[in-house]
Amino acid sequence: YVKGQVRIHRSGKTEGGVGLIRLNRPKALNALCDDLFKDLVHAGQALDSDDDIGCLVLTGSTKAFAAGADISEMKDRTFDHAYKTNMFAWWGQFTKLSKPVIAAVNGFCLGGGCEVAMMCDIVIAGEKARFGQPEINLGVIPGGGGTQRLIRAIGKSKAMYMCLTGDMMGAEDMERAGLVAKIFPPDDLVDEAVKMGTKIASKGRISVMMCKEAINVSQEVSLEEGLRFERRMFHALFATADQKEGMEAFLEKREPNFTHK
Ligand code: HXC
């Protein structure tokens, strides 16, 4: 269904479903104005708390995933407004979802659009996707993680190159660099994302959520603390029915029937 400037589709069976969010502001190449981003956060939160959904997919159109924050909305803002309101800090709400989010990127994925893709857990791309952090061409710098998440994804030299020149990189380059997990023909991309999401949603829900949480913790803490966190999560999973079922099914040479408990 349509909610504001996003379209939400739910697919798949009860408990193993995938929630698809499609950014839908075609006239502005999905430029992320405040209203669009609010709709995105609300859609993400609604799907995240829906028991029938095990994984989310975020996509745009064939032409653009998102061409960045909305420049016309930002242009006349002042430093004191930006600073006092901590402009764009609230976009971080999208990173607080507990189920995995797959970004399916076709077309332009620029500035805030690239930053939103990097807030997702897996990025897959259509062959013609173009990634960039062109903020430097506007007299600013990335403000939603471009100088922080990009370096973790593709390393310092490539991150510096993209942020300092504003040049775009294609899907193949970004796959080689490590930001993109897989590339598909543009027309197949969303179906492939939903297929990947369905596979993830078929696993035990608690183990999927803990796996996402543990991997994200690695971005924040020392290796020793991260390993400890991972081990504690691993231990905790032995309290779940899905651990018993998963291991029993393996030994009985059958498919597991996870109940997400
Ligand atoms: C507002 C935008 C926009 C944007 C495109 N449009 N990007 N409007 N904000 N970021 C609008 C155009 O003004 C135009 O509107 C319509 O979308 C179509 O765009 P065109 O430029 O005509 O299309 P095309 O020639 O195909 O070029 C595509 C493009 C170009 C290369 C993607 O639009 C572009 O360079 N966009 C800006 C990319 C950018 O600088 N992004 C970073 C933004 S700053 P009209 O009305 O003329 O048809 C940012 C900071 C984030 O993201 C920090 C906080 C999180």
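The values are calculated or read from the model by the stated rules, or taken from the named source; none is laboratory data. Keep in mind that this is a model prediction, so the values were computed, not measured. Every residue, glycine among them, receives a Cβ derived from its backbone with ideal geometry; neighbour counts consider all protein chains shown. Ligands, DNA and RNA are excluded from the accessible area calculation, which covers all protein heavy atoms including side chains. Shrake-Rupley method; radii C 1.70, N 1.55, O 1.52, S 1.80 Å.
Computed from label points 7 Å out along Cα-Cβ, the spacing between K244 and D52 is 2.9 nm. Looking only at the chain, where both bridge partners belong to it, what percent of the DSSP beta bridges are antiparallel (to the nearest 5)? For the chain, the DSSP antiparallel bridge percentage is about 30. A simple spin-label model places the labels of R231 and Q148 2.9 nm from each other, with each point 7 Å out along Cα-to-Cβ. Give the residue list of GluC sites (Glu not before Pro) in segment 157-248 that are DSSP loop and have at most 15 other beta-carbon atoms within 10 angstrom. Taking segment 157-248 and a limit of 15 other Cβ atoms within 10 Å, the loop GluC sites (Glu not before Pro) found are E220.
Would you mind calculating the relative contact order of the chain from Cα pairs under 8 angstrom and at least 6 residues apart, reporting the percent as a whole number?
Values: 493 pairs, mean separation 42.0, N = 261.
About 16 percent, as a whole number.
Over segment 117-190, with the other protein chains present, what is the accessible area per residue in square angstrom, probe 1.4 angstrom? If you can, show how the numbers build up before the last one.
Values: 3730 Å² over 74 residues.
Ligands and nucleic acids excluded, the result is 50 Å² per residue.
Rounded to the nearest 10 degrees, the inclination of helix 189-201 to the longest alpha-carbon principal axis of the chain is 40 degrees. Per residue, the average separation of C-alpha pairs within less than 8 Å and at least 6 apart gives segment 209-261 a relative contact order of 25 percent.
Distance between the modelled labels on R7 and D191, one decimal in nanometres: 1.6 nm (7 Å Cα→Cβ projection).
Under a 1.4 angstrom probe, counting protein chains only, how are T62, T147 ranked by accessible area, largest first? Walk me through the numbers before you get to the answer.
On the way: T62 100, T147 65 Å².
Accessible-area ranking of T62, T147, largest first: T62, T147.
Once the cut-off is 34 Å, how many percent of the Cα-Cα pairs in the chain end up in the long-distance tail? Show your work: numbers first, answer last.
On the way: 6557 of 33930 pairs.
When all Cα pairs of the chain are counted, 19 percent exceed 34 Å.
Expressed as a fraction of 2.2 N^0.38 Å, the C-alpha radius of gyration for segment 92-156 is 1.10. Largest first, the residues T59, T85 sort by 1.4 Å accessible area into T85, T59.
Could you work out the relative contact order of segment 114-261? I mean the mean sequence separation of Cα pairs under 8 Å and 6+ apart, divided by the number of residues, in percent. Could you put the intermediate results ahead of the total?
Numbers: 165 pairs, mean separation 32.2, N = 148.
The value is 22 percent.
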